[in-house]
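Taking it in order: structure first as structure tokens, then the write-up.
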Amino acid sequence: MLAPDRRSFLKLTAAGVAAAGVSMPWVARAATQRVVVIGGGPGGATAAHYLKRFAPELDVTLIEANANYHTCFMSNEVVAGLRKLDELAVGFDGLKKAGVTVVTDLVTGIDATAKTVATKGGQSFGYDRCIVAAGIDFKFDAIAGYSAEAAEAMPHAYKAGPQTTLLRRQLEAMPDGGTFVLVAPPNPFRCPPGPYERASLVADYFKRNKPKSKVVILDAKDAFSKQKLFEEAWTRFFGYGTADSMITWVPAKQGGTVKEVDVAGRTVVAEAGRFKGDVVNLIPPQMAGRIARDAGLAEKGWAAIDARTFESKAVPGVHVIGDAAVATAMPKSGYAASSQAKAAAAAVIQLLRGQPVFSVPLINTCYSFINKDYCFSIAGIYEPSPDGATLAERTDAGGTSPLAKDDDYRLREARYAHSWFDNIVKDSWG
Amino acid sequence: MSTQRTPVSFLAAALLAVGWTSHAALAADLAVEALAAPCAGCHGTDGTSVGLAAPTIAGLPKDYFNEAMFGYKTDTKPATVMGRIAKGYDDKQTEALAAHFAAKPFGRPGGQAIDSARLAKGRELADKYCQKCHENEGRDADGVGVLAGQKLTYMQFSVSDFLAGKREMDKRQKARFEELVKDHGAPAFTDILHYYANVK
Ligand SMILES: Cc1cc2nc3c(=O)[nH]c(=O)nc-3n(C[C@H](O)[C@H](O)[C@H](O)COP(=O)(O)OP(=O)(O)OC[C@H]3O[C@@H](n4cnc5c(N)ncnc54)[C@H](O)[C@@H]3O)c2cc1C
């Protein structure tokens, strides 16, 4: 007999186990169990990576529409000219090395009865469990006059890539004394402090290069993440609250909600009036990525899950993590997507092994820059509630950086933020 | 070629191949792995940081890890996010994390901005003032942190906290710090830290 292949090896193992009187139900059940992961952002990449790390015997396939990925994290630094877009590019060789089968194709359907995933390229993949990390889509039609095409003139720059570069170019071309209008979306949306970090970094760029220019934030909300920290920094660096503040924030209650745009006139129509921008950055309202909606996972726009396992409440055998999921009270962040991916990977493995699922605390930490040396954070620890209804935030832990800290504290957080970027990229994509 | 194996040895090989010895141990291993995994976002996969500021936490002695977490929980050790994060872990979880990371190798991926002009002087000063406690070029960590290959930025923050009286020092360390500052001035720490950060 030749050296046994993997399959007969495992069968023999099961026989050996029976002989030895040890119970190994998951090995006996199937030779190789298959997990298909959809989406290669921080959620999907981390899930695939950690499935292999936790259970090397699994057959893990990651299907991602694009050959490489640009992280949204640190993309506001590209917008502000502090970093090149190339520095945000990641490929999938690291995951391949870790034993993940990586497929570049667009998933067009999930058949939860047959347990198969179909792609645009005509491929079909069987699974024992499926993890969906499809990110977000924009509700282009929520704002009259806006569309995917209009985003070529009024970029959202809220999926990193060509949109990020486009916004950067527009800001570079803008004359000094111009106005940058940023339209911030209603909740829930990815990276809750993201629009305000962007406004800050653009104001910092203006201050250094085009000091007569202004930033106007038109907001569909009356409050935002890390607001006190942003306002403290804006007051210090940009004269916020004074007559000639570089940054103006118009909350919903003052008419900041934008309902319509005039793309040719570079004008947005808010309840408070018409705002003409030399550069307009419109971040539209959001929903779960299309495949989550098409597969019946996201009836109300986002995928409802059991917080203990991340299994869909609508479609058994399919787990949803990251931005596409309702993981309340966790925010939609890259760190949250990564933590959820690891917890979901562990849960999937235990379900496949027929073991009870344990729960572990999940971490989120999210940094926001005002300028290259001034940064602050929010951190939280989350645990699934016993009924799996929510990921409850520990009230005795977490929180934001304190107000009124010295520059050394803000500088340390800037260094830790960049360090975080290097670590999370390697940890997710290998 | 035929290979003759008994079922039992075959089983042992299979169990070794997947790295466990019993059903329960496998579940327990996974539980600890999953508990520790979110730390990697900032501290790197398996606790070896490839970022330039967050410290590597692999290979730290359990006591050192537990004490650090206790310091963060009680706000007695200077921190940015760790004061907020440590409070989310109870003593049992902290101890499991300490044991988990202590068993991982302290990786030294390099990539730090080392000033090679400082290395000789740094080594000389380290031999005189530091190596009694930070033995084996700072690789050993008997009751102290690992310095060899630790992140320069993190060590600079730590030293500045020690010197500013924000972070507690034991008697021995305090005496050495004072002696070094008296003999060579505080900037001499920079030479020492570049030397330790550069140890492979
Ligand atoms: C400006 C900005 C700054 C940010 N800064 C931070 C930060 O500092 N820290 C932080 O933690 N988070 C940050 N975020 C948030 C973070 O980027 C997101 O929360 C994170 O990307 C979510 O990860 P995900 O894997 O769920 O989704 P995504 O990153 O959106 O990935 C989804 C992937 O799935 C693929 N996909 C979708 N549908 C299919 C399909 N049908 N078939 C195949 N592939 C498909 C997509 O191509 C994409 O690659 C920021 C976001 C923005 C916009």
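The values are calculated or read from the model by the stated rules, or taken from the named source; none is laboratory data. Since the model is a prediction, treat every value here as computed from it, not as a measurement. Cβ coordinates were reconstructed from backbone atoms using ideal geometry, including for glycine residues, and neighbour counts include every protein chain displayed. What goes into the accessible areas is simple: the full protein's heavy atoms, side chains included, and nothing from ligands, DNA or RNA. Shrake-Rupley method; radii C 1.70, N 1.55, O 1.52, S 1.80 Å.
Specify the residue that is farthest from the chain's Cα centre (by Cα); the eligible residues are those in the stretch A:364-404 that are assigned to a loop (DSSP other than H, G, I, E, B) and at the interface with chain B (Cβ under 9 Å from one of its Cβ atoms).
Keep residues of the stretch A:364-404 that are assigned to a loop (DSSP other than H, G, I, E, B), which gives A:372-373, A:385-390, A:394-398, A:401-404.
When the remaining residues are screened for being at the interface with chain B (Cβ under 9 Å from one of its Cβ atoms), the result is A:394, A:396-398, A:401.
Numbers: A:394: 22, A:396: 26, A:397: 23, A:398: 20, A:401: 22 Å.
Here the answer is A:396.
Here residue A:370 clears all of (1) within 30 Å of residue A:235 (Cα to Cα); (2) assigned by TED's automatic domain parsing to the domain that holds residue A:305; (3) hydrophobic (A, V, I, L, M, F, W, C) except the condition numbered (2). Taking the criterion of being buried (at least 17 other Cβ atoms within 10 Å of the Cβ) and farther than 18 Å from residue A:59 by Cβ, the residues of the stretch A:91-117 that qualify are A:94, A:112.
So which helices (runs of 4 or more DSSP H) stay within the stretch A:23-106 end to end and still have 1 or more residues that are within 21 Å of residue A:194 (Cα to Cα)? Here the list reads A:42-54, A:75-79.
Count of the stretch A:302-337 residues, restricted to those that are away from the ligand (no atom under 14 Å from the Cβ) and over 16 Å from the mean Cα position of the chain (by Cα), is 12. For the stretch B:51-76, filtering for residues that are open to solvent by less than 40 Å² (accessible area, probe 1.4 Å), within 14 Å of chain A (Cβ to nearest Cβ) and part of a loop (DSSP other than H, G, I, E, B) leaves 7.
Out of all the residues in the stretch A:301-321, which are farther than 24 Å from residue B:27 by Cα and open to solvent by less than 10 Å² (accessible area, probe 1.4 Å)?
Selection gives A:303 alone.
Determine, yes or no, whether residue A:151 is within 19 Å of the chain's Cα centre (by Cα) and not polar (S, T, N, Q). Can you show your working first?
Details: within 19 Å of the chain's Cα centre (by Cα): no; not polar (S, T, N, Q): yes.
No, not satisfied.
Looking only at the stretch A:231-285, residues that are of a type in the set (Gly, Ala, Ser), farther than 13 Å from residue A:154 by Cα and surrounded by fewer than 22 Cβ atoms within 10 Å (Cβ to Cβ) come to 8 in all. Confirm whether residue A:158 is more than 14 Å from chain B (Cβ to nearest Cβ), over 19 Å from residue A:139 (Cβ atoms) and within 12 Å of the ligand (Cβ to nearest atom). Here the answer is no, as residue A:158 does not meet what is asked. A count restricted to the stretch B:79-117 and to residues that are assigned to a helix (DSSP H, G or I) and either in contact with a Phe, Trp or Tyr (Cβ under 7 Å, 6 or more places away or on another chain) or within 26 Å of residue A:336 (Cα to Cα) (or both) stands at 17. The set of residues in the stretch A:287-320 being over 28 Å from residue B:35 (Cβ atoms), at pLDDT 95 or above and of a type outside the set (A, V, I, L, M) consists of A:289, A:290, A:293, A:294, A:296, A:301. Of the residues in the stretch A:62-79, not one is touching a residue at least 60 places away in the same chain (Cβ under 8 Å) and more than 10 Å from the ligand (Cβ to nearest atom).
Residue A:424 meets each of the listed conditions (1) more than 7 Å from chain B (Cβ to nearest Cβ); (2) touching a residue at least 60 places away in the same chain (Cβ under 8 Å); (3) aliphatic (A, V, I, L, M); (4) open to solvent by less than 20 Å² (accessible area, probe 1.4 Å) apart from (1). Within the stretch A:155-170, is there a residue that is farther than 24 Å from residue A:47 by Cα, open to solvent by 40 Å² or more (accessible area, probe 1.4 Å) and assigned to a strand (DSSP E or B)? No, the stretch A:155-170 contains no residue that is farther than 24 Å from residue A:47 by Cα, open to solvent by 40 Å² or more (accessible area, probe 1.4 Å) and assigned to a strand (DSSP E or B). When both residues are 6+ apart or on different chains and their Cβ atoms are under 8 Å apart, which pairs have a first residue that lies in the stretch A:128-139 and is β-branched (Val, Ile, Thr), and a second that is surrounded by fewer than 24 Cβ atoms within 10 Å (Cβ to Cβ) and outside any loop (DSSP other than H, G, I, E, B)? Note: pairs meeting the criteria are A:136/A:287. Looking across the stretch A:367-394, the residues that are open to solvent by less than 20 Å² (accessible area, probe 1.4 Å) and closer than 18 Å to residue B:40 by Cβ come down to A:377, A:379, A:380, A:381, A:382.
Only a single item in (1) open to solvent by less than 30 Å² (accessible area, probe 1.4 Å); (2) closer than 26 Å to residue A:136 by Cα; (3) away from the ligand (no atom under 16 Å from the Cβ) is not met by residue A:202, and it is number (3). The test for being of a type in the set (D, E, K, R) and either within 15 Å of the ligand (Cβ to nearest atom) or part of a loop (DSSP other than H, G, I, E, B) (or both) does not hold for residue A:232. Taking residues in the stretch B:113-130 that are open to solvent by less than 50 Å² (accessible area, probe 1.4 Å), and partners anywhere that are among the aromatic types (Phe, Trp, Tyr), the pairs with Cβ atoms closer than 6 Å and at least 6 places apart or on different chains are B:119/B:195; B:122/B:195; B:126/B:195. Just one of (1) modelled with pLDDT of 95 or more; (2) among the charged types (D, E, K, R); (3) farther than 30 Å from residue A:203 by Cβ fails for residue A:29. It is (1).
Check the stretch A:349-357 and report whether any residue there is part of a loop (DSSP other than H, G, I, E, B), assigned by TED's automatic domain parsing to the domain that holds residue A:81, under 24 Å from residue A:234 (Cβ atoms) and not polar (S, T, N, Q). Looking through the stretch A:349-357, none of the residues is part of a loop (DSSP other than H, G, I, E, B), assigned by TED's automatic domain parsing to the domain that holds residue A:81, under 24 Å from residue A:234 (Cβ atoms) and not polar (S, T, N, Q). Remark: residue B:147 falls outside the filter, which requires a residue to be open to solvent by less than 50 Å² (accessible area, probe 1.4 Å), of a type in the set (A, V, I, L, M) and more than 27 Å from residue A:419 (Cβ to Cβ). Within the stretch A:168-202, the set of residues being aliphatic (A, V, I, L, M) and within 24 Å of residue A:273 (Cβ to Cβ) comprises A:171, A:174, A:181, A:182, A:183, A:184, A:199, A:202.
Report yes if residue B:67 is of a type in the set (Asp, Glu) and touching a Phe, Trp or Tyr at 6+ places or on another chain (Cβ under 7 Å), otherwise no.
On the way: of a type in the set (Asp, Glu): yes; touching a Phe, Trp or Tyr at 6+ places or on another chain (Cβ under 7 Å): no.
Taking the combined requirement at face value, the residue does not satisfy it.
Tally the residues that are more than 10 Å from chain B (Cβ to nearest Cβ), over 18 Å from residue A:53 (Cβ atoms) and either in contact with a His (Cβ under 7 Å, 6 or more places away or on another chain) or open to solvent by less than 10 Å² (accessible area, probe 1.4 Å) (or both), restricting the search to the stretch A:337-363. Number of matching residues: 0.
Pairing residues of the stretch B:144-158 that are more than 10 Å from chain A (Cβ to nearest Cβ) with residues that are polar (S, T, N, Q) and open to solvent by 10 Å² or more (accessible area, probe 1.4 Å), at Cβ distances under 7 Å and at least 6 apart in sequence or on separate chains, gives B:152/B:112.
What about residue A:419, is it in contact with a strand residue (DSSP E or B) (Cβ under 6 Å, 6 or more places away or on another chain) and either within 8 Å of chain B (Cβ to nearest Cβ) or open to solvent by 30 Å² or more (accessible area, probe 1.4 Å) (or both)? Answer is no for this residue.
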